[in-house]
Structures are given as structure tokens and as C-alpha cells.
């Protein structure tokens, strides 16, 4: 069974530029999460999708971050414009449902904003 | 306001001995707890979980204990092996509803010395 796929693995951009990350979840997983992990911290949820609908985006900085999962499968997360404090690893995860089932994580995208 | 706390940033253990990683939580609505293991440059991988209706769950060398009255859980690894060296994250969630996202602690870096 293929795992959660993310691309790119690494990205370096200048502040005020835009960037996009892509995630393909495990086949059949209805729930998709985007997490931000700053160095030395645990992952923090940015947005959660159930199929193509947003379940929770309360911690997404909506002035600069956006995410979509149009067909209920793969998803993109965009930052525009980027700030220095956005430097982090962006993790995508998926799970069968949104109740007590474990989430499976991709390898993440390490973003450096200079 | 950190709802899930891992107060030990690091732990060093000799191979063959027991590793005990601790986690405290503040939100009494949490009723499902998970441990994730993370190697450098990889996403977190699910290790073991426990529901609040149990006080212990065992899977091979890994056992998780839950003390609801103290809002405390611990992960025991015995015997510890060098391959167990990684960062361990404790995570918690509320069962059901739309709030199915995971709240993570900051992680504990375990080093198992040969």
C-alpha cells in the first residue's frame, strides 16, 4: 500500500514570495490534514478536510495561507506571501475517518524562507 | 496554552534497559491518545494508541499506560534497542464529532546507547 506522498521535499524562497505544496493521501482515506511543524515543536494542525469539505481551519492564517482538496483526493497548501516565521516542515497526513483512527503522515516539505 | 505536554525534551537509555516517556494533558475532553515516532527527515509514524476506557495497551515491546485521574500517560519500551532512537510525540484527540484532529506535544528525543 502506497503511503502519503508529498512534494516537493525541500523548498527555499525569499520572503514575500509564494509557494505551494502538494499532497496525495493514502487511497480511500477520507480525512486529510495539513500540519505545520516548527523546529523544536510538535506538529500543529493547520486545516482538516473530510472528503472535499473543510472540517477545521481554525488555526490556518487565512490572510496568507490557503488550501484546497477539490476532488476529495489530493490537496494543495499555498502560502502567499511568505514570511520568515513560516519556515517549518509542512506535514500532510490522512486517515480513514476523523474519529479514533490513527493518521498516517507523509515525509513532509521543509520550507525555508530567507 | 499547551494542552499536551512532554516535559522531558530528551532521554538517554542503555540498550536492553527500559525507556519511559511521559506525557501530561490538560483537556479532560481528550479520550483517545496516540504515540508517534519520528526519525530525522521523515514524517511521524504511528506507534501505539489507547482509548480512555482502558488503562493499559501493549504491543510487543511497547506499552502505553493511561492514568485519567492524573491526566498522565506514559510509553514504556522494553527492552530498548538502538533502533528505537528517535523523537517520540504524544498526541491526543476527542472521540468523534468534527474535532477529530490530533493535538501534539513537543516531543521527547530518545537516545538508546549500545
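The values are calculated or read from the model by the stated rules, or taken from the named source; none is laboratory data. Keep in mind it's a predicted model, so treat the numbers as computed, not measured. Neighbour counts are summed over all protein chains in view; Cβ atoms, including those assigned to glycine, are modelled from backbone coordinates with ideal geometry.
Given (1) away from chain B (no Cβ under 11 Å); (2) closer than 14 Å to residue A:94 by Cβ; (3) crowded, with 21+ Cβ neighbours inside 10 Å, identify the lone condition not met by residue A:21. Single failed check for residue A:21: (2).
If you take the residues of the range B:1-17 that are assigned to a loop (DSSP other than H, G, I, E, B), surrounded by 12 or more Cβ atoms within 10 Å (Cβ to Cβ) and touching a strand residue (DSSP E or B) at 6+ places or on another chain (Cβ under 8 Å), which of them is nearest to the other protein chains (Cβ to nearest Cβ)?
Step one: filter the range B:1-17 for residues assigned to a loop (DSSP other than H, G, I, E, B), giving B:1-3, B:6-9, B:15-17.
Remaining after also requiring surrounded by 12 or more Cβ atoms within 10 Å (Cβ to Cβ): B:2-3, B:6, B:8, B:15, B:17.
Keeping just the survivors that are touching a strand residue (DSSP E or B) at 6+ places or on another chain (Cβ under 8 Å) gives B:3, B:6, B:8, B:15.
Values: B:3: 11, B:6: 8, B:8: 14, B:15: 27 Å.
The extreme case among them is B:6.
Scanning the range B:51-98 for residues that are within 21 Å of residue A:95 (Cα to Cα) and buried (at least 20 other Cβ atoms within 10 Å of the Cβ) yields a total of 6.
Report those strands (runs of 3 or more DSSP E) wholly inside the range B:30-94 carrying at least 1 residues which are under 19 Å from residue A:42 (Cα atoms) and either touching a strand residue (DSSP E or B) at 6+ places or on another chain (Cβ under 7 Å) or more than 14 Å from every other protein chain (Cβ to nearest Cβ) (or both). I'd like the intermediate steps shown before the answer.
Numbers: elements: B:32-38, B:45-51, B:56-59, B:62-67, B:72-77, B:86-93.
Passing ranges, in order: B:32-38, B:45-51, B:72-77, B:86-93.
Residue by residue through the range A:60-95, note down the ones that are modelled with pLDDT under 90 and within 11 Å of another protein chain (Cβ to nearest Cβ). Once the filter is applied, which keeps residues that are modelled with pLDDT under 90 and within 11 Å of another protein chain (Cβ to nearest Cβ), the range A:60-95 yields only A:95. Residues in the range B:96-114: is at least one more than 15 Å from residue B:7 (Cα to Cα), more than 14 Å from chain A (Cβ to nearest Cβ), out of contact with any strand residue (DSSP E or B) (no Cβ under 6 Å at 6 or more places or on another chain) and at pLDDT 95 or above? Scanning the range B:96-114 turns up no residue that is more than 15 Å from residue B:7 (Cα to Cα), more than 14 Å from chain A (Cβ to nearest Cβ), out of contact with any strand residue (DSSP E or B) (no Cβ under 6 Å at 6 or more places or on another chain) and at pLDDT 95 or above. Within the option set A:53, A:3, being out of contact with any strand residue (DSSP E or B) (no Cβ under 6 Å at 6 or more places or on another chain), modelled with pLDDT of 90 or more, within 11 Å of chain B (Cβ to nearest Cβ) and surrounded by 14 or more Cβ atoms within 10 Å (Cβ to Cβ) holds for one residue only, A:3.
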